[in-house]
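Here is the structure we will look at.
The values are calculated or read from the model by the stated rules, or taken from the named source; none is laboratory data. Everything numeric here is computed off the predicted structure, so don't read it as measured data. Every residue, glycine as well, gets a Cβ built from its backbone with ideal geometry; the counts of neighbours run over all protein chains shown.
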Amino acid sequence: MHRSIRRLPSVFASCLALAGALSAQGSDNCATPTVISGTGNFAFNSTAATTGTQGQGEALCDFFGSTAIDHDVWFTWTAPSTGFAYLSLCAGTSSSFDTKVAVYPGTACPANGSSLACNDDACNFISEVGFNCTAGSSYVLQIGAFPGSGGASGSFSLTVGAAPPPTPPCTSTGPDVIVGELIDTLNASPLGGVDALAIGTYSCNIGNTQLNWISSNANHPVIAQNLYRYKIVAGAGRFEQVGMSWLKHGFTALQDSLCCPTCTSSGTGSRLGIGCADPYTAGLNGAQGGLGPHWQVDAQTGIFTYPPANPAWAGSVARRLQVAVADCEVTGAPGAARYFGEGQYVTRDDALAGNQNNNSSWREMFLTSPAAGNFDFNLTGPTFRAQSAIEAWPQIESGVTLNTVTATGKILVGSKATNLGGGQWHYEYAVYNMNSSRNVGSFSVPVPAGTVVSNIGFRDVAYHDGDGNGSVNYSGVDWVGAVSGGAITWACETQAVNNNANAIRWGTTYNFRFDANVAPTSGSLTLGLWTPGTPSTIATTGDVPGAGTFLAYCAGDGVDPLVTTPCPCGNVGAAGNGCASSFNASGAHLSAHGAVATDDVVLDGSGMNPTGNCIFLKGDLNVPGGLVFGDGLRCLDGNLIRLRTKALAGGAASFPDSADTITLSARGGTPVASGLTGYYTVYYRNASAGFCPPETFNAANGFRVTW
């Protein structure tokens, strides 16, 4: 027979349009295909379709001894961009329809043997196929049924993105379980501001030894599901874990083919054969009575308690992959959040073979909202095998650094510094513990002296339903970040204080963030291990505030902790700026561009009076607490030099500019490579004498340059 017997049918999620033309149905004649373009969802209907002569006998379409595609309909699609295109029927087609799909280059009826890709089963009987595409090029799509199956109607999605990495070769020593596909979703009804889902997972044994799958003891896999969100907030990207499930305990293994060229069946449901695959639908992974907690599982060794703890539970969201409704939004619109589902397998014999570091895979998801406060979660695009979801972050946002530490289990640390303008930078970090039993209890980023840090933040993920030691949830107390001893450090309670403290435990990602007035450099990030042992800390690298060759300082914003002198009339400016003026409540700002090494540093003032003049000023003495200076403040003194008077245009001016024949270093008497530090500001006329009597001038923030 073509198919194995399934434990339960796939849960079919209703699929609403992202963007595509759902009126498209497909043509029964490949010579006159239905024309589609763009990405999104497209309807098909093959209930009355015949089986043509084209697209038959394809070598790439030889599944279970058959190369044919019956009851086929045809489309031509023009790629909107260059990348990896993914055609999926999984979210929009009933699990009872046994599909096959193929893709061909061009617009004409395909010649036999010309397919770019073909697929039979990806999510149970339903098909998905990926292929490289070029912007403006056209492709013929053939959607039909496995021979002997009738036609049906449904929809398929088309996406274009990054190509997934190749599947790891099926040559690992010992048993080696990976998530071969995330296959379907179950959408539960929200309760008390919490929505819930489950994600189906298709495991593959890519090792050379059978994998234990014994239901009556602890020699079987447990399956975790997680949800992540990527969103731009205040100009900077955040990749955060927004939900986690309890663990499905495996109870029997089928012997399917998915990831490997051949499957050598074990002949029993108690072991997954060499090269074989086993599907667990969302209905199984979301069956609440069969789920156990994380706290009894050591993901590094694969050892866990069986049977698992089973505290009382009730309601539609209990034990499932929970996410706060407030963290959900409809996807697809420009600037909307993006979501990513993740599956992870943990089992003893896989860990004993040293193969526990490739057991997670991820796939993008899209959200619809058929009713207020209720979201449907659907899968889209390919499954990125043997990658954890955090590995999506550098794929979707440029400039992200992601490093792996494996000394105490696998921990990944991501970082990104984003220029917010006005001399401010946002620093964003994500720490993911895949399987370390030592856990992470502190996180530290070096901060140079004089750096002004603001907007310190933290994000964790909520444990639920008694997922913690003694069936009491792990603590949800936020880590509080503080600057001390040349670093900003976050930490939770120690194990000695609270065995259920909010440490970064296996399968979770926590975020740390702050703003600073210093541009980034690559530096050391320190992670403190929560469980006592050796080593007590581990380190990696990432974006950190630089040593301050350039440094904006002396802000009249009421936030700068070094400035102890208040703006003279309570005229506090915006973050990082000088004190407010009568015509600019945000205050003026001083920044710089160029480089010390090439002696082309330029001071840039903005936010001053629209016309008139300003004066650029240098001092050789730093006064961190600040001095009252007109309607504003200055944090420099000593040998004061008026560098230049400049005409303002639109409230802005620079020194030196195109009219100057002298460099900033020469004018200020601080030669390049001297190691001397110059302190600079720019001051200007205030428009109103009554704004802050008795003075009528104001100043921007200060700026420091180390020559």
query: For the subset of segment 681-707 comprising residues that are in contact with a Leu (Cβ under 6 Å, 6 or more places away or on another chain) and not small (Gly, Ala, Ser), which member is surrounded by the most Cβ atoms within 10 Å (Cβ to Cβ)?
result: Asn701
- request: State whether one or more residues within segment 504-526 are free of Cβ contacts under 8 Å to residues at least 12 places away in the same chain and in contact with a strand residue (DSSP E or B) (Cβ under 8 Å, 6 or more places away or on another chain).
  value: no
query: Any residue in segment 365-374 that is in contact with a helix residue (DSSP H, G or I) (Cβ under 6 Å, 6 or more places away or on another chain), crowded, with 19+ Cβ neighbours inside 10 Å and among the hydrophobic types (A, V, I, L, M, F, W, C)?
result: no
message: For a quick check of your reading: which strands (runs of 3 or more DSSP E) sit entirely within segment 300-383 and have at least 2 residues that are within 19 Å of Leu182 (Cα to Cα) and among the small types (Gly, Ala, Ser)?
response: 338-346, 360-371
task: Output the number of residues of segment 549-559 satisfying the condition of being among the hydrophobic types (A, V, I, L, M, F, W, C) and crowded, with 23+ Cβ neighbours inside 10 Å.
output: 4
- prompt: Just for segment 251-286: of the residues that are without any contact (Cβ under 8 Å) to a residue 40 or more places away in the chain and of a type outside the set (Phe, Trp, Tyr), which one is farthest from Thr209 (Cα to Cα)?
  reply: Ser257
field: Gly507, sole failed condition from (1) surrounded by fewer than 23 Cβ atoms within 10 Å (Cβ to Cβ); (2) at positive phi
entry: (1)
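Residues checked against (1) hydrophobic (A, V, I, L, M, F, W, C); (2) surrounded by fewer than 21 Cβ atoms within 10 Å (Cβ to Cβ); (3) in contact with a helix residue (DSSP H, G or I) (Cβ under 6 Å, 6 or more places away or on another chain); (4) in contact (Cβ under 8 Å) with a residue 60 or more places away in the chain:
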| site | (1), (2), (3), (4) |
| --- | --- |
| Ser586 | no, yes, no, no |
| His589 | no, no, no, yes |
| Val596 | yes, yes, no, yes |
| Pro624 | no, yes, no, yes |
| Leu636 | yes, no, no, yes |
| Leu640 | yes, yes, no, no |
| Ala652 | yes, yes, no, no |
| Asp657 | no, yes, no, no |
field: Enumeration of residues in segment 516-558 that are polar (S, T, N, Q) and part of a strand (DSSP E or B)
entry: Thr521, Ser522, Ser524, Thr526, Thr537, Thr540, Thr541
- request: Please work out if Tyr86 is assigned by TED's automatic domain parsing to the domain that holds Ser155, outside any loop (DSSP other than H, G, I, E, B), among the hydroxyl-bearing types (Ser, Thr, Tyr) and more than 21 Å from Cys30 (Cβ to Cβ).
  value: yes
Selection status of Asn609, crowded, with 20+ Cβ neighbours inside 10 Å and either outside the structural domain of Ala574 (by TED's automatic domain parsing) or in a loop (DSSP other than H, G, I, E, B) (or both): yes
- prompt: In this structure, is Ser454 over 22 Å from the mean Cα position of the chain (by Cα), of a type in the set (S, T, N, Q), in a strand (DSSP E or B) and surrounded by fewer than 21 Cβ atoms within 10 Å (Cβ to Cβ)?
  reply: yes
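Here's a check for you: in segment 218-240, which residue that is among the β-branched types (Val, Ile, Thr) and surrounded by 21 or more Cβ atoms within 10 Å (Cβ to Cβ) is nearest to Glu364 (Cα to Cα)? Don't jump to the end; show me each part of the working.
Quick first cut of segment 218-240, residues among the β-branched types (Val, Ile, Thr) only: 222-223, 232-233.
Then drop every residue that is not surrounded by 21 or more Cβ atoms within 10 Å (Cβ to Cβ), which leaves 222-223.
Numbers: Val222: 22, Ile223: 18 Å.
Once the filter is applied, the top-ranked residue is Ile223.
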statement: Reported set for segment 657-701 where residues are in contact with a Lys or Arg (Cβ under 7 Å, 6 or more places away or on another chain) and within 14 Å of Leu590 (Cβ to Cβ) is Gly678, Tyr679, Tyr680, Thr681, Ala699
- prompt: Residues in segment 560-572: is at least one more than 30 Å from Gly466 (Cβ to Cβ), surrounded by fewer than 23 Cβ atoms within 10 Å (Cβ to Cβ), in contact with a Gly (Cβ under 8 Å, 6 or more places away or on another chain) and modelled with pLDDT under 90?
  reply: yes
- line: Out of (1) part of a strand (DSSP E or B); (2) at pLDDT 90 or above, the one Cys30 does not meet is (1)
message: Quick check on Thr645: is it in a loop (DSSP other than H, G, I, E, B), polar (S, T, N, Q) and farther than 17 Å from Asp557 by Cβ?
response: no
field: Filter result for the condition that a residue is crowded, with 23+ Cβ neighbours inside 10 Å and either more than 29 Å from the chain's Cα centre (by Cα) or closer than 21 Å to Asp121 by Cα (or both), over Leu258, Leu272, Leu254, Leu247
entry: Leu272
